[in-house]
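Here is the structure we will look at, set down as C-alpha cells.
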Amino acid sequence: MDLQPGQVVRWNLYIGGHLSTATPLRVVEHTPDGLLLWLATGSPVWRVDLPGGVHLRDLPPHDRPAGGHPVKTDRWSLGDALIYQPTGASHAVFWFYAADLGFRGWYVNLERRTRRGEDIDVEDLELDVTVAPDRSWQWKDERSFAEKTGHPAYWSAEEAHAIRAEGRHVAGLAEAGAFPFDGTWCDFVPPASWAVPPLPPEPVSTLLAPAWR
C-alpha cells in the first residue's frame, strides 16, 4: 500500500522485544527507494512507564514482565526530525532540526523494521552513528551494544558483525558526501497545514510479534 504525503502513520519502537514508544508521524514522500517521514516536536507519544526514570534499554530482560510494560502518554521533545527509511536496509537516517537554528546534524539508527498498513514496527539494534553537519561521524552506544550481543533477547555475535557492517556502510556514504548526506532535505520545512498529529489509540500489546523475532 502506497502512503500519501501528509498521511499519519505510527512509528512503534521496540527494544529487546518490548515497546519503548509509539509515535504518530506524517508521510513526506513514499517511493520505491524508501519512506520519508516527519516527526514534529510536541507530537503525542505512548511511552513505556518505568519507575525512577529508568530507560528500557538499561533494564535487564529478566526484569521485564512477560506481558510487557504498561505505557503512559507523553510528548516528543528531542526536536523536529525527518526520518528516511531506505527500502530493504537495516538502518534509518534522521535529519534533526533546532528551533531558529535549522539543521543540526544526522543520526543513523541501526534497526530492523516491518510495516503493517499504517504501523511501522522498528526493532532498535542499539548501535548507532552520529554525523555532524561537516559529515564527521562517530559510533554511539558501542559499549551497550557489546554488552547485549549474545543475549537471546537481542542479537548473536554473527548478527552483531552484520549490524556493525551496516553502520560502516552508512558512515562511508557520509564520508563521500553521498545521499542522504549530500545536503538533500537539510532545509526542509513542513507544510503550514500540517498540524501536530493526534495521539494514536493505546497499543493493544507492548510486545513485538513473535513472528518478527
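The values are calculated or read from the model by the stated rules, or taken from the named source; none is laboratory data. Predicted model only: the values in this text are computed from it and were never measured. A quick note on method: Cβ atoms are made from the backbone with ideal geometry, for glycine too, and the neighbour counts reach across all protein chains shown. Areas reflect the complete protein model, heavy atoms only, side chains present, ligands, DNA and RNA absent. Shrake-Rupley method; radii C 1.70, N 1.55, O 1.52, S 1.80 Å.
Can you give the FRET efficiency for SER205 and ASP134, using 1/(1 + (r/R0)^6), R0 = 35 Å, r = Cβ-Cβ distance, to the nearest 0.05?
Result of the calculation: an efficiency of 0.25.
Quick one: of the DSSP bridges fully inside the stretch 94-213, what percent are antiparallel, nearest 5?
95
Based on the mean of other beta carbon atoms within 10 Å per residue, what is the order of 29-39, 55-65, most packed first?
Ranking, from highest mean packing down: 29-39, 55-65.
Compare the peptides 41-51, 193-203 by average per-residue count of other Cβ atoms within 10 angstrom and give them in order, highest first.
The densest-packed peptide leads the list: 41-51, 193-203.
How much length would be gained if the chain were fully extended between GLN7 and ARG168, taking 0.36 nm per residue of separation minus their Cα-Cα distance, in nm to one decimal?
54.7 nm
Would you compute, from DSSP H runs of 4+ residues alone, the mean residue ellipticity of the chain at 222 nm, taking -39500 (n - 2.57) per run and dividing by the full residue count, rounded to the nearest 500?
Calculated mean residue ellipticity at 222 nm is -4000 deg cm²/dmol.
Which three lengths, in whole Å and largest first, does the stretch 122-183 cover when its Cα atoms are put on their principal axes?
On the principal axes, the stretch 122-183 reaches 39, 19, 17 Å in Cα extent.
Run through the DSSP bridge list for the stretch 1-120 and note the antiparallel percent, rounded to the nearest 5.
Around 95 percent of the beta bridges assigned by DSSP in the stretch 1-120 are antiparallel ones.
What residues of the stretch 26-44 lie in the reach of a label at TRP194, counting those whose backbone N is under 11 Å from a point 7 Å from the Cα along Cα→Cβ?
Label zone hits: 26-29, 36-41.
Kirkwood Rh, the stretch 1-66, all Cα pairs: how many Å?
13.8
For Cα extents along the principal axes in Å, one of (1) 49, 39, 38; (2) 47, 43, 34; (3) 44, 37, 36 was computed from the structure I shared and the rest are decoys. Which label?
(3)
Would you work out what percent of the accessible area of the chain, with all protein chains in place, is carbon or sulfur (probe 1.4 Å)?
About 53 percent, which is the carbon plus sulfur part of the accessible surface.
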